[in-house]
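**Q** Provided herewith is a single structure, encoded as structure tokens, for subsequent inquiry.
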Amino acid sequence: MTRQTIALAAGLTILLAFSTALPGCSTVEPYYFSIVPGRLPDGFVGAPYYGVIQLSYNYQPLTADFRVISGGLPPGILMTQNGVLTGYPTFAGTYGFVVQVNACWSDPYSYGNVDCQTATQSFSITVYP
């Protein structure tokens, strides 16, 4: 957005604001996010497990729903829609899976519109006996 201030007589000023974008294009910074790549903690059979999948973003989303879309979590571990993994692993092994996150923002510049994006990331958890 381009802004220009014009001084008028008697100390009055006018602030003009106009867009230099093409018609129909937004000049608002786009929302973006990513799943923070990283290693989830390993676990042990029968021991409490806790891990968190984190997001990186420029604006905090209103919602972010996490899902496993391929592979599988170790038996005994569940993941919430917020990306928190908890439980008690029941079998040793290495378990690979892909997490998909759908994040949505309310666009303050368009009356009630919601912008959503999706990201995926591969993870693995090793469970020791």
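**Q** Got a sec? Which of Tyr128, Tyr88 is of a type in the set (Phe, Trp, Tyr) and exposed (fewer than 15 other Cβ atoms within 10 Å of the Cβ)? Steps first, answer last, please.
**A** On the way: Tyr88 fails: exposed (fewer than 15 other Cβ atoms within 10 Å of the Cβ).
None of the other options fit; the residue is Tyr128.
**Q** Here's a follow-up. How about region 45-88: which of its residues are hydrophobic (A, V, I, L, M, F, W, C) and within 20 Å of the chain's Cα centre (by Cα)? So that I can check it myself, show each step before the final result.
**A** Taking region 45-88 and keeping what is hydrophobic (A, V, I, L, M, F, W, C), we get 45, 47, 52-53, 55, 62, 64, 66, 68-69, 73, 77-79, 84-85.
Selection gives Val52, Ile53, Leu55, Leu62, Ala64, Phe66, Val68, Ile69, Leu78, Met79, Val84, Leu85.
**Q** From the list Tyr50, Tyr31, Tyr95, which one is loosely packed, with under 13 Cβ neighbours inside 10 Å, of a type in the set (Ser, Thr, Tyr) and either in a loop (DSSP other than H, G, I, E, B) or modelled with pLDDT of 80 or more (or both)?
**A** Values: Tyr31 fails: loosely packed, with under 13 Cβ neighbours inside 10 Å; Tyr95 fails: loosely packed, with under 13 Cβ neighbours inside 10 Å.
Within the list Tyr50, Tyr31, Tyr95, the selection yields Tyr50.
The values are calculated or read from the model by the stated rules, or taken from the named source; none is laboratory data. All values derive from a computational prediction rather than experimental measurement. Using ideal geometry, Cβ is built from the backbone for each residue, glycine included, and neighbour counts are taken over all protein chains shown.
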